[in-house]
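Peer 1: Next up is a structure, given as structure tokens.
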Amino acid sequence: MRLRRLALLEDFKSLSAFDKDFRGPLTSVDAVAPVCFAGLNGSGKSNVIELLAEIFCYLELLHLDYEKLSDNARKTDLRFVIEFDLAPSDSLTRQVRIRKDSTRPPSFFEINDEGEEKELISKTEQVKVLPNRILGYSSGLNETISAVFGRNQYWYSKEVGEAAISNSKQRVAHTRTLYMDYDSNAPIVVANYLFATEEEKRLFQDHVRITDVHSFRIVVHLKRPNKTAIETTPEINNNIERLKACATVTWHDEGQNLWTFDYFVNEATRAAFLHQFKSASQLFVALYKLWLLNSLALDGESRKFYTRPTVQKGLIERPPTVPLKDKILALTKLRLRIQKPTRVIDYAAISDGEHQFLHVFGTILMFAEPNTLFLLDEPETHLNPKWRVDFVRTLNQIAEERNQEFVVSTHSPFLISDCRQANTYHFTRHDNEIRINQVRFETFGSSFDYLLSELFDIPAMISNQAIEELKTIIQRGDLKEMLAAVPRFGESLEKRFLFEKIETVLEDKN
């Protein structure tokens with residue numbers, strides 16, 4: 001998949017209407033080259049990530065065949081045009097244009113080599129030209145992005161609940177939109193390490209201390225806080241049975257409808273999970289579907305969070321949460337094997353950077369389907385400089401030749417230096433206006449100091465307090481003070497001005 005164009009026809013949040021081309025057609029399997037949004041806080045980067053999420057989550061809800069999905073959920077105030085290429089199917093690359101410029105449903109078009117539109121009328125045709133998956137991630141508490149995905153997940157869990165009550169034998173289609181929030185981190189780690197090849201494990205071990213999962217617990221509690229039972233579908237029951245078949249130890253409290261599965265990870269455990277779930281992504285999605293039922297434990301008022309118009313209009317409010325004791329699914333007691341030193345530690349003991357590395361790259365490793373769109377809002381904030389420098393290279397180690405699209409917002413020159421000019425956009429705010437412009441110079445291979453100067457308005461490579469003190473000492477020109485200052489400042493290009501001033505004063509004295 002490759003994004004070609006995004007046009008916002010009416011204002012959205014802090015964004016004014018705009019029309020931006022991204023890159024050329026998808027002609028072959030290329031190295032991963034993210035679409036990169038760079039700029040200061042408040043410059044609108046996350047709003048464009050949110051806009052893309054709103055568009056694709058809306059298009060997904062429009063086509064989900066859910067009986068309980070309200071008419072309002074299938075509507076949006078957005079007016080947009082989006083164009084993208086889908087990876088070859090039957091040797092043909094499909095160029096798609098979706099236009100919504102009125103209150104009517106959007107129009108879908110396939111574009112031929114001459115640029116001519118062929119409208120896709122049927123729902124079946126339209127679904128075929130949507131991305132296979134849309135995965136969202138934000139390093140911070142960006143609820144305007146998470147709420148967009150949460151809306152889709154809410155309707156899935158509601159449909160499952162209704163299907164269970166009506167004893168429907170039909171499988172409820174899962175939305176292709178997934179948001180990888182903090183609660184998904186532990187399942188990502190477990191799924192990856194249970195199924196990872198030795199090469200994939202080495203990729204993780206090049207960056208984090210973790211060598212394997214030691215043990216973990218999964219609790220499935222099919223009762224609401226008011227003690228009424230959660231009805232389940234055959235698919236949910238089958239997932240529970242598959243988890244049971246892999247467990248080292250199982251406890252069942254029939255009165256509470258409570259299952260507790262403990263897993264001690266060894267080769268037999270891996271073989272059982274491989275037999276039952278086939279892949280890391282299948283295990284993760286099975287856990288994710290159970291986890292989504294947690295919303296059924298919310299009270300009626302809390303559930304309205306995802307259906308209120310204010311969510312679509314971006315009310316900044318934390319989504320409602322379910323206490324651990326009331327959750328339908330909980331993954332707990334996760335312990336990891338680490339190296340240097342070799343020992344077993346609790347999952348909570350690893351660093352924020354290790355959590356983020358495993359979260360972001362574990363997600364990418366699991367979801368290998370072509371035509372997947374990843375929307376990553378500042379995915380490197382907790383990573384150390386070395387891991388940031390490696391970000392795009394690691395991305396390519398995992399996802400090269402997959403035909404997937406990555407849209408990344410960042411403040412990091414380390415990441416931008418591995419992105420191409422054609423795919424890099426500079427966001428700036430001028431009074432009340434946000435401007436989005438393609439970067440005017442080649443970013444790929446640009447030095448970090450040059451990127452900081454050009455994109456983030458940092459002309460010096462040392463902190464402001466240090467540079468101001470250095471300037472003051474140089475301006476005073478007192479030789480004794482300047483000589484005393486030499487050991488007080490670390491090595492930098494800016495320090496050379498101090499040496500030059502000392503040399504000038506000495507020459508004047510002679």
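Peer 1: Report, by residue number, each residue of the stretch 62-86 that is under 22 Å from residue 174 (Cβ atoms), aliphatic (A, V, I, L, M) and at pLDDT 85 or above.
Peer 2: 62, 64, 86
Peer 1: Looking only at the stretch 366-390, count every residue that is part of a loop (DSSP other than H, G, I, E, B), acidic (Asp, Glu) and touching a strand residue (DSSP E or B) at 6+ places or on another chain (Cβ under 8 Å) and tell me the total.
Peer 2: Residues in the stretch 366-390 being part of a loop (DSSP other than H, G, I, E, B), acidic (Asp, Glu) and touching a strand residue (DSSP E or B) at 6+ places or on another chain (Cβ under 8 Å): 3 in total.
Peer 1: A further question on this structure: Could you list, in sequence order, the residues of the stretch 429-462 that are closer than 22 Å to residue 393 by Cα, open to solvent by 40 Å² or more (accessible area, probe 1.4 Å) and assigned to a helix (DSSP H, G or I)?
Peer 2: If the condition is that a residue be closer than 22 Å to residue 393 by Cα, open to solvent by 40 Å² or more (accessible area, probe 1.4 Å) and assigned to a helix (DSSP H, G or I), then 448, 449, 450 are the ones that fit.
Peer 1: Determine which single condition residue 81 fails, assuming it passes every other condition in (1) surrounded by 17 or more Cβ atoms within 10 Å (Cβ to Cβ); (2) among the β-branched types (Val, Ile, Thr); (3) farther than 15 Å from residue 52 by Cα.
Peer 2: (3)
Peer 1: Tell me which residues, restricted to the stretch 155-173, are open to solvent by less than 40 Å² (accessible area, probe 1.4 Å), under 27 Å from residue 272 (Cβ atoms) and touching a helix residue (DSSP H, G or I) at 6+ places or on another chain (Cβ under 6 Å).
Peer 2: 172
Peer 1: Is there any pair with a first residue in the stretch 276-297 that is under 17 Å from residue 245 (Cβ atoms) and in a helix (DSSP H, G or I) and a second that is open to solvent by 10 Å² or more (accessible area, probe 1.4 Å) and aliphatic (A, V, I, L, M) whose Cβ atoms are under 6 Å apart and which are 6 or more apart or on different chains, and what are they?
Peer 2: Once the first residue is under 17 Å from residue 245 (Cβ atoms) and in a helix (DSSP H, G or I) and sits in the stretch 276-297, its partners that are open to solvent by 10 Å² or more (accessible area, probe 1.4 Å) and aliphatic (A, V, I, L, M) give 276/245; 290/329.
Peer 1: Taking interchain pairs and intrachain pairs at least six residues apart, which have beta carbon atoms under 8 angstrom, with the first residue in the stretch 453-466 and under 18 Å from residue 489 (Cα atoms) and in contact (Cβ under 8 Å) with a residue 12 or more places away in the chain and the second of a type in the set (Ser, Thr, Tyr) and part of a loop (DSSP other than H, G, I, E, B)?
Peer 2: Short answer, once both residue conditions are applied: 461/492; 462/492.
Peer 1: If you scan the stretch 455-490, which residues turn out to be at pLDDT 90 or above and among the charged types (D, E, K, R)?
Peer 2: Those that are at pLDDT 90 or above and among the charged types (D, E, K, R): 468, 469, 471, 476, 478, 480, 481, 488.
Peer 1: Then there is this: Six or more apart or on different chains, Cβ atoms under 7 Å: show the pairs whose first residue is in the stretch 321-346 and within 21 Å of residue 358 (Cβ to Cβ) and whose second is modelled with pLDDT under 80 and surrounded by 17 or more Cβ atoms within 10 Å (Cβ to Cβ).
Peer 2: Taking only residues 6 or more apart or on different chains, the pairs are 329/293; 329/294.
Peer 1: Among the residues in the stretch 228-239, are any crowded, with 19+ Cβ neighbours inside 10 Å, under 21 Å from residue 189 (Cβ atoms) and modelled with pLDDT under 95?
Peer 2: Yes: the stretch 228-239 contains one or more residues that are crowded, with 19+ Cβ neighbours inside 10 Å, under 21 Å from residue 189 (Cβ atoms) and modelled with pLDDT under 95.
Peer 1: Just a yes or no: is a residue in the stretch 413-423 modelled with pLDDT under 95, over 30 Å from residue 202 (Cβ atoms) and of a type outside the set (A, V, I, L, M)?
Peer 2: Scanning the stretch 413-423, I find at least one residue that is modelled with pLDDT under 95, over 30 Å from residue 202 (Cβ atoms) and of a type outside the set (A, V, I, L, M), so the answer is yes.
Peer 1: Take the stretch 167-217 and flag every residue that is basic (Lys, Arg) and either on the phi > 0 side of the Ramachandran plot or in contact with a strand residue (DSSP E or B) (Cβ under 6 Å, 6 or more places away or on another chain) (or both).
Peer 2: Once the filter is applied, which keeps residues that are basic (Lys, Arg) and either on the phi > 0 side of the Ramachandran plot or in contact with a strand residue (DSSP E or B) (Cβ under 6 Å, 6 or more places away or on another chain) (or both), the stretch 167-217 yields 176, 209, 217.
Peer 1: May I ask you to verify whether residue 381 is within 21 Å of residue 351 (Cβ to Cβ), surrounded by fewer than 23 Cβ atoms within 10 Å (Cβ to Cβ) and among the hydroxyl-bearing types (Ser, Thr, Tyr)? Let's see the steps before the verdict.
Peer 2: On the way: within 21 Å of residue 351 (Cβ to Cβ): yes; surrounded by fewer than 23 Cβ atoms within 10 Å (Cβ to Cβ): yes; among the hydroxyl-bearing types (Ser, Thr, Tyr): yes.
Taking the combined requirement at face value, the residue satisfies it.
Peer 1: Within the stretch 356-363, can one find any residue that is of a type in the set (Gly, Ala, Ser), within 18 Å of residue 208 (Cα to Cα) and part of a loop (DSSP other than H, G, I, E, B)?
Peer 2: no
Peer 1: Same structure again: So, in the stretch 472-510, exactly how many residues are in a helix (DSSP H, G or I), over 29 Å from residue 452 (Cα atoms) and polar (S, T, N, Q)?
Peer 2: 1
Peer 1: Take residue 56 and decide whether it is without any contact (Cβ under 8 Å) to a residue 40 or more places away in the chain and of a type in the set (Phe, Trp, Tyr).
Peer 2: Here the answer is no, as residue 56 does not meet what is asked.
Peer 1: Let me ask something else about it. Is it the case that the stretch 463-471 has a residue that's among the hydrophobic types (A, V, I, L, M, F, W, C), part of a helix (DSSP H, G or I) and touching a helix residue (DSSP H, G or I) at 6+ places or on another chain (Cβ under 9 Å)? Walk me through it before giving the result.
Peer 2: So in the stretch 463-471, the residues among the hydrophobic types (A, V, I, L, M, F, W, C) come out as 466-467, 470.
Still in the running and part of a helix (DSSP H, G or I): 466-467, 470.
Add one more test, that the residue is touching a helix residue (DSSP H, G or I) at 6+ places or on another chain (Cβ under 9 Å), and what stays is 470.
The answer is yes; a qualifying residue exists.
The values are calculated or read from the model by the stated rules, or taken from the named source; none is laboratory data. Source: prediction; values computed, not measured. All Cβ positions, glycine included, derive from the backbone under ideal geometry; neighbour counts span all protein chains shown. Remember, those area values only see protein heavy atoms, side chains included, never the ligands or the DNA or RNA. Shrake-Rupley method; radii C 1.70, N 1.55, O 1.52, S 1.80 Å.
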